[in-house]
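Step one of this worksheet: look at the structure below.
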Amino acid sequence: MEISKVGMPAANALDKVVDAAFGSSVRKTDGAASGGDFASLIQQSLAQVNGAQAKAESTTHQFQLGQTDVSLEDAMISMQKANISFQTTIQVRNKLVSAYNDVMNMQL
């Protein structure tokens, strides 16, 4: 079901879930996402998490090879950023599943 076809109370609840999960500023950064394209918002967020994980892997690999431009601190910070973004994604998924279950269990 598209967001535009959802009733006002359900749309407001969905906005609250998105704000709690991603923060209200996320929807304002992308023109397509602020227009209500929820799928593109999710894809954009997953791409950012994937990018953080790829950067952490690359930085760690460069440190292991002994490159002088990468310090242990850089490697550890990039790994922690990737870990935090992944954990945030897991929590967002959990919130969305919970919201979906709440909507599906509503009495009509």
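Tell me which residues, restricted to the stretch 62-81, are surrounded by 12 or more Cβ atoms within 10 Å (Cβ to Cβ) and either touching a Leu at 6+ places or on another chain (Cβ under 9 Å) or more than 28 Å from Val92 (Cβ to Cβ) (or both). Selection gives Gln62, Phe63, Val70, Ser71. Check whether at least one residue in the stretch 20-35 is modelled with pLDDT of 60 or more, surrounded by fewer than 15 Cβ atoms within 10 Å (Cβ to Cβ) and under 26 Å from Ile90 (Cβ atoms), and report yes or no. Within the stretch 20-35 (the criterion being modelled with pLDDT of 60 or more, surrounded by fewer than 15 Cβ atoms within 10 Å (Cβ to Cβ) and under 26 Å from Ile90 (Cβ atoms)), the answer is no, since none of the residues qualifies.
The values are calculated or read from the model by the stated rules, or taken from the named source; none is laboratory data. Source: prediction; values computed, not measured. Every residue, glycine among them, receives a Cβ derived from its backbone with ideal geometry; neighbour counts consider all protein chains shown.
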